[in-house]
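Worksheet for the structure shown next.
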Amino acid sequence: MRVVAVRGVCAWIATLLVLALAACAPLPPKPAPPPAPPPRVFAGSLLWRERAAMPPGARAVVTLTQQGAHGARDLARISLPVHGSPAAFELEVTPGSVDASAQHLLQARIEDAHGVTLWRLPQAVAVPATGTATPLALLLVWVPPTAPTPRPETPAPAAPSAPPAVSALGLRPSGWNAFIYGEERARRLETVVGGGEVRRSYTGVLRQRLPSGAVIFTANHGWVRLTVSPGGCRIGGEHYAWTAMLEVTGATFRGCARGIP
């Protein structure tokens, strides 16, 4: 009986030793989580044909929109300072937020410090949901400035009683007219762009005559300029003694002029 009891005690002690050793053994390492998928990248450059210095504070805004069965929503937007053409951009989107069955569109514009759009993409550009394999080249078009809507209580300016001192017009890149009224502090520049769609009036116009005989009229802190130069010019069957160039916020219009600059 004693031999059996001793054998039982020994077996019990051996079991405890096995359990203790098992508890001290290192746990097997946990499998590493799968790597996160890389972000979807939508990259490219904004370009525009007009050669002009950007106004202070100008920024490019690029938006990626997803249009699916549940409507449209913006996936990403970037706003960055811009100084000239081209202007590079890059948008990153996490793959989990992309619906592969939806349509993805890029929209872009350039605006000044006050939020006024100067250039824009004519229409949104469709891109694959997987991102752009090669950088895109988005060509923006110039947005003509619109005259502010007068308040109801503000009477419309009266038509000038005296003929303009300078009258300029042209057909490139679209129909336009420019007129200089008055002298010195009362000098005013009237512009009509796009066949009469955009009309603008500028006061406080400065006049400068160059040694070449050309005369430059400047308004709106230099962002609007009418240059009249001596030399024959013809539009259709009409002959003019002066050539003219109108520059409005980066866009250049060319034509002819008459008058006494």
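The values are calculated or read from the model by the stated rules, or taken from the named source; none is laboratory data. The shown structure was predicted, so the numbers you read here are calculated from the model rather than taken from an experiment. Ideal geometry is used to build each Cβ from the backbone, glycine not excepted, and the neighbour counts take in all protein chains shown. For accessibility, only protein heavy atoms count, side chains too; no ligands or nucleic acids. Shrake-Rupley method; radii C 1.70, N 1.55, O 1.52, S 1.80 Å.
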Q) Can you pull out the residues in segment 135-149 that are of a type in the set (A, V, I, L, M, F, W, C) and at pLDDT 85 or above? A) 136, 137, 138, 139, 140, 141
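Restricting the search to segment 233-261, which residues are assigned to a loop (DSSP other than H, G, I, E, B), touching a residue at least 24 places away in the same chain (Cβ under 8 Å) and small (Gly, Ala, Ser)?
Selection gives 250 alone.
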Q | Residue selected from segment 205-234 under the condition open to solvent by 40 Å² or more (accessible area, probe 1.4 Å) and of a type in the set (A, V, I, L, M), by the criterion nearest to residue 188 (Cα to Cα) | A | 206
Q: Select from segment 207-240 the residues that are within 34 Å of the chain's Cα centre (by Cα) and aliphatic (A, V, I, L, M) and list them in ascending order.
A: 215, 216, 219, 224, 226, 228
Q. Only one of (1) surrounded by fewer than 15 Cβ atoms within 10 Å (Cβ to Cβ); (2) touching a residue at least 12 places away in the same chain (Cβ under 8 Å) is not met by residue 105, so which one is it?
A. (1)
Q. Say we look at segment 155-177 and pick out the residues that are under 15 Å from residue 191 (Cβ atoms) and at pLDDT below 70; which of these is most open to solvent (accessible area, probe 1.4 Å)?
A. 157
Q) Does residue 152 satisfy the condition of being open to solvent by 60 Å² or more (accessible area, probe 1.4 Å), outside any strand (DSSP E or B) and modelled with pLDDT of 80 or more? A) no
**Q.** All positions within segment 187-243 that are of a type in the set (S, T, N, Q) and closer than 14 Å to residue 169 by Cα
**A.** 191, 227, 229, 243
Q.
Pull out all pairs, ordered by first then second residue, where Cβ-Cβ is under 7 Å, the residues are six or more apart or on different chains, the first lies in segment 161-176 and is closer than 17 Å to residue 201 by Cβ and touching a residue at least 12 places away in the same chain (Cβ under 8 Å), and the second is open to solvent by 100 Å² or more (accessible area, probe 1.4 Å) and not in a loop (DSSP other than H, G, I, E, B).
A. 167/258
Q: Please go through segment 236-261 and pick out each residue that is open to solvent by 40 Å² or more (accessible area, probe 1.4 Å), farther than 19 Å from residue 205 by Cβ and of a type outside the set (Asp, Glu).
A: 236, 237, 239, 241, 243, 254
